[in-house]
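The values are calculated or read from the model by the stated rules, or taken from the named source; none is laboratory data. None of the values given here were measured: they were computed from a predicted structure. A quick note on method: Cβ atoms are made from the backbone with ideal geometry, for glycine too, and the neighbour counts reach across all protein chains shown. With ligands, DNA and RNA removed, areas are computed over all heavy atoms of the protein, side chains included. Shrake-Rupley method; radii C 1.70, N 1.55, O 1.52, S 1.80 Å.
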Amino acid sequence: MLSLLDFSYEELEKLLGDLDQPKYRVTQLYDALVSYKSPDEVTNIPKSLIADLSTKYSFQPLSIYQERKSKDGTIKFLYKLLDGNLIEGVLMKYKYGNTLCVSTQVGCRMGCKFCASTLGGLVRNLTSGEILAQVLCVNAYLGGTKAKRQITNVVLMGSGEPLDNYDNVVKFLRCVSDVRGIGISQRNISLSTCGLVDKIDKLKDKNLQITLTISLHAPNDEIRRQTMPIANKYSIKEIIDSAKRYFNKTKRRVVFEYALIEGKNDSFECAEMLCGLMHGFSNHINLIPLNEVKERGLKGTTRHRAYAFMKKLQDNGISATVRRTMGEDIEGACGQLRAKVLSDTQ
Ligand code: SAH
């Protein structure tokens, strides 16, 4: 069943226009959807219209199925979709606001060895409305409204490869930043990809102000191929070249994610190789000690070593930080909570 959240504002205008509804109904309905109301909760629109719409379209394509609060304030959500599939999200509280990490697919087919999202392969793409619903649902859960948002930042770093679900993700980016809706600034949105070069090239021409984040995790192709199957399709050189084109077109700094894996990619030699890639465009490297995934037998570098690696990059004039790990006590890393719930219930 399609959701009304799958409609852009203009598409909703057309839908209601075809039903001979007055123009102000569009704003009323859009406001109700942004507040993540169920049909019963919408009181300012004729009941007959709501009944008609709700037989054809869902208002709430997902609901919170489980939540876990970490000592550091992070909340991990498991949502249930209407077809029974589960996806997850993480809310991180910072001084400057709340960041929600959203999923773009049920499962993932990229097969990265360190990532729990990929363990069962790809189940299906999420629609743009199902991605948007994660933001609206948690905003409402936190007591936020359209006028007073509780979610200020969004990162597409939950389960799934956003650029493998390109059309729905681009539509989501437009809808979530629409000022008639929840209106989250595109500058506060990061899209993380394992580096689908052809799609990065398409995205750069979309006139979006989002931050492109590329999961590099290795300084050369040989090491990258050991953990990321996508490295067999695109070389690091091709990825860096596409990042440069993205920067030249959008003038947005490109961020690289680099998960430090003990004994694999965390030597000073690796740091030096990495420095060699970061020339000719504006960039930043986010280091994070790998969150251990037991099924895969890969371990994270110690924080001490992560800081030494960071220092090596900085000494070479590269902008780099070690990311705080949050929510480790609640299966914070991608796909971990869903993987745990699925294995507990099977
Ligand atoms: N498919 C996208 C986005 C999803 S994952 C991508 O590849 O970027 C978001 C980030 O978490 C990616 O950088 C991913 O490589 C990283 N990640 C996955 N598993 C991890 C783990 N166990 N520890 C640390 N980072 C992990």
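Can you tell me which condition Val255 does not meet? The list is (1) open to solvent by 40 Å² or more (accessible area, probe 1.4 Å); (2) closer than 17 Å to Thr211 by Cα; (3) aliphatic (A, V, I, L, M), and all the others hold. If we test Val255 against (1) open to solvent by 40 Å² or more (accessible area, probe 1.4 Å); (2) closer than 17 Å to Thr211 by Cα; (3) aliphatic (A, V, I, L, M), just (1) comes out false. Got a sec? Which of Val170, Val138 is assigned to a helix (DSSP H, G or I), of a type in the set (Val, Ile, Thr) and touching a residue at least 60 places away in the same chain (Cβ under 8 Å)? Val138 is the lone residue from the list that is assigned to a helix (DSSP H, G or I), of a type in the set (Val, Ile, Thr) and touching a residue at least 60 places away in the same chain (Cβ under 8 Å). Taking every residue in the stretch 210-230 that is assigned to a strand (DSSP E or B) and pairing it with any residue that is hydroxyl-bearing (Ser, Thr, Tyr), at least 6 positions away or on another chain, the pairs with Cβ-Cβ distances below 7 Å are Thr211/Ser190; Leu212/Tyr246; Thr213/Ser190; Thr213/Ser192; Ile214/Thr193; Ser215/Ser192; Ser215/Thr193. Across the stretch 148-165, the number of residues qualifying as near the ligand (Cβ under 8 Å from one of its atoms) and open to solvent by 40 Å² or more (accessible area, probe 1.4 Å) comes to 1.
Taking the criterion of being at pLDDT below 95 and aliphatic (A, V, I, L, M), the residues of the stretch 114-156 that qualify are Ala116, Leu119, Ala147.
The set of residues in the stretch 199-210 being surrounded by fewer than 20 Cβ atoms within 10 Å (Cβ to Cβ) and within 16 Å of the ligand (Cβ to nearest atom) consists of Lys199 alone.
If I ask for residues that are acidic (Asp, Glu), in contact with a strand residue (DSSP E or B) (Cβ under 7 Å, 6 or more places away or on another chain) and in contact (Cβ under 8 Å) with a residue 40 or more places away in the chain, which ones from the stretch 263-303 would you list? Spell out the reasoning first.
Start the filter on the stretch 263-303 by keeping residues that are acidic (Asp, Glu), which leaves 266, 269, 272, 292, 295.
From what is left, the residues that are in contact with a strand residue (DSSP E or B) (Cβ under 7 Å, 6 or more places away or on another chain) are 266, 292.
Matches in the stretch 263-303: Asp266 only.
Tally the residues that are open to solvent by 60 Å² or more (accessible area, probe 1.4 Å) and within 15 Å of the ligand (Cβ to nearest atom), restricting the search to the stretch 126-147. Total satisfying the criteria: 0. In the stretch 181-188, the count of residues that are away from the ligand (no atom under 16 Å from the Cβ), closer than 30 Å to Glu292 by Cα and open to solvent by 40 Å² or more (accessible area, probe 1.4 Å) is one or more.
When residues in the stretch 279-292 are screened for being within 12 Å of the ligand (Cβ to nearest atom) and surrounded by fewer than 21 Cβ atoms within 10 Å (Cβ to Cβ), 4 of them pass.
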